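The values are calculated or read from the model by the stated rules, or taken from the named source; none is laboratory data. Note that this is a predicted model, so its numbers are computed, not measured. Methodologically, a virtual Cβ is constructed for each residue, glycine included, from the backbone with ideal geometry; neighbour enumeration extends over all protein chains shown.
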Amino acid sequence: MKRSICAVWICALLILLTVSACRMQQPDPIGAQPDPTEAAFGDDTVEAIVVSTPVVTPEPLPTVPPTPEPTPEPTEVPITDPVITLIEGNSIRVPADFSFSDPGYFAEDYLGNNLTARIEISGEVVPYVVGTYDITYSVADDEGRSTTVVRHVEIVPVEMPEIVMPPEKTVYLTFDDGPCGNTALLLDVLKKHNAKATFFIIGNKGRKDMIKRAYEEGHAIGVHTYTHEYKQIYKNEQAFFDDFWKTQEVIKEQTGSYTRIFRFPGGSANTASRVNKGIMTRLTKIMEDMGYRYFDWNVASGDASGKPYTSTDIRNRVVGGLKKHSDFAIVLQHDIHLQSVKAVDAILTWGEENGYTFLALDLTSPVVHSEVAN
């Protein structure tokens with residue numbers, strides 16, 4: 001029994017040895033990769049070669065060139081006449097004034113070239129006379145094409161505030177032909193009575209500092225004249241304006257502003273202006289259209305009559321005139337006459353005792369206009 005078992009084991013061992021020998025002699029299958037770490041063929045060692053995967057760069061897709069924009073056909077500029085543009089339009093309204101300033105204009109040809117310097121202007125505006133005027137503007141380009149336009153200028157009166165009637169027994173004391181050495185005394189008397197007055201000044205007189213003082217103390221300042229030379233002042237409208245504005249400049253220098261009240265040299269009914277026939281008729285309208293108020297008087301002190309009136313005489317003449325004008329009175333005096341200035345204290349005293357109020361003139365004050373004699 002033991003022998004049989006041994007025989008079986010020997011047979012099994014032989015079979016295993018035979019199978020192992022056959023495997024060792026069997027060639028590697030096609031495509032089998034040798035182990036790179038395994039040694040073969042004696043002592044030489046063959047290192048494994050690592051083959052990397054090639055990087056394939058994709059070829060760029062072909063680009064389509066952009067379609068070029070079609071070249072526009074050149075635009076032909078239409079040939080036209082020059083164009084004149086009037087700033088503020090072809091019709092304007094302008095308040096009456098001493099001067100007129102054109103609002104402006106410009107011109108171009110059809111290519112946009114500036115032709116303003118070539119504009120020729122004709123026509124005239126009389127800025128202080130109410131009415132309608134035409135100004136003509138003409139221009140031509142290099143090829144002789146031309147354009148003409150017309151501007152209508154309407155001169156209109158300046159709007160004035162309404163006149164307000166004061167309470168009864170209102171007195172407006174007015175003094176012409178200053179300032180002078182007597183003006184300081186007069187201002188002291190007015191301050192004493194807390195009364196206000198109006199000074200129609202001569203521009204080329206001395207003591208201009210009195211204009212400033214009078215204004216700062218609440219009195220009104222008006223234009224009278226610069227030279228008081230009738231023949232020169234009333235020579236023509238422009239001569240009157242020149243004289244007027246010289247006085248205005250003196251007033252502005254002392255008060256900081258121009259005034260809009262005035263008294264004609266000699267008053268509006270003067271006959272000295274007859275060196276120029278009809279000028280007072282024209283000037284009275286012109287000045288009002290330009291926004292100025294002129295004041296004559298309804299009570300005269302007589303201080304410039306040349307008669308030897310005393311201060312008492314002047315006081316009595318003024319008081320007599322006030323009694324005749326219970327509504328309001330505009331009194332004419334001259335501070336260049338000392339006797340007239342000395343009469344003021346007595347006039348104010350009588351007025352206070354009889355319920356009168358003494359005020360300065362302004363644009364809303366009632367006016368007294370004499371009948372124009374020229």
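Tell me whether segment 159-172 contains one or more residues that are within 37 Å of the chain's Cα centre (by Cα) and more than 30 Å from R213 (Cα to Cα).
Yes, because at least one residue in segment 159-172 is within 37 Å of the chain's Cα centre (by Cα) and more than 30 Å from R213 (Cα to Cα).
In segment 352-372, how many are touching a residue at least 60 places away in the same chain (Cβ under 8 Å), of a type outside the set (G, A, S) and more than 14 Å from V331 (Cβ to Cβ)?
9
Sort out which residues of segment 192-231 are over 38 Å from the mean Cα position of the chain (by Cα) and more than 21 Å from G267 (Cα to Cα), and write them in order of number.
Once the filter is applied, which keeps residues that are over 38 Å from the mean Cα position of the chain (by Cα) and more than 21 Å from G267 (Cα to Cα), segment 192-231 yields K192, H193, N194, A195.
Name the residue, out of I221, I279, that is farther than 28 Å from A346 by Cα and aliphatic (A, V, I, L, M).
I279
With loosely packed, with under 10 Cβ neighbours inside 10 Å and modelled with pLDDT of 70 or more as the only criterion, which of T57, T53, T71, T80 stands out?
T71
So is E168 surrounded by 13 or more Cβ atoms within 10 Å (Cβ to Cβ) and at pLDDT 95 or above or not?
Answer is no for this residue.
Just for helices (runs of 4 or more DSSP H) wholly inside segment 244-360: which have at least 1 residues that are touching a His at 6+ places or on another chain (Cβ under 8 Å), of a type in the set (D, E) and surrounded by fewer than 21 Cβ atoms within 10 Å (Cβ to Cβ)?
338-353
What are the residue pairs meeting all of these: first residue in segment 253-268, first residue in the same structural domain as R207 (by TED's automatic domain parsing), second residue in a loop (DSSP other than H, G, I, E, B) and of a type in the set (G, A, S), Cβ atoms under 6 Å, and 6 or more apart or on different chains?
Sorted first by the residue in segment 253-268, then by its partner, the pairs are G267/S370; S268/S370.
Report whether or not V189 is on the phi < 0 side of the Ramachandran plot, within 33 Å of the chain's Cα centre (by Cα) and either among the aliphatic types (A, V, I, L, M) or at pLDDT below 95 (or both).
Here the answer is no, as V189 does not meet what is asked.
Which residues, taken from segment 119-140, are surrounded by 15 or more Cβ atoms within 10 Å (Cβ to Cβ), without any contact (Cβ under 8 Å) to a residue 60 or more places away in the chain and not aliphatic (A, V, I, L, M)?
P127, Y133, Y137, S138 - these are the residues of segment 119-140 that are surrounded by 15 or more Cβ atoms within 10 Å (Cβ to Cβ), without any contact (Cβ under 8 Å) to a residue 60 or more places away in the chain and not aliphatic (A, V, I, L, M).
Can you name every residue in segment 105-155 that is among the charged types (D, E, K, R) and closer than 19 Å to E88 by Cα?
E108, E120, E124, D134, R151, E154
Examine segment 336-351 for a residue that is among the aromatic types (F, W, Y), under 25 Å from A214 (Cα atoms) and touching a residue at least 60 places away in the same chain (Cβ under 8 Å), and state whether such a residue exists.
No, segment 336-351 contains no residue that is among the aromatic types (F, W, Y), under 25 Å from A214 (Cα atoms) and touching a residue at least 60 places away in the same chain (Cβ under 8 Å).
Going through segment 205-232 one residue at a time, which ones are assigned to a helix (DSSP H, G or I), touching a Pro at 6+ places or on another chain (Cβ under 6 Å) and free of Cβ contacts under 8 Å to residues at least 40 places away in the same chain?
Residue satisfying the conditions is M210 alone.
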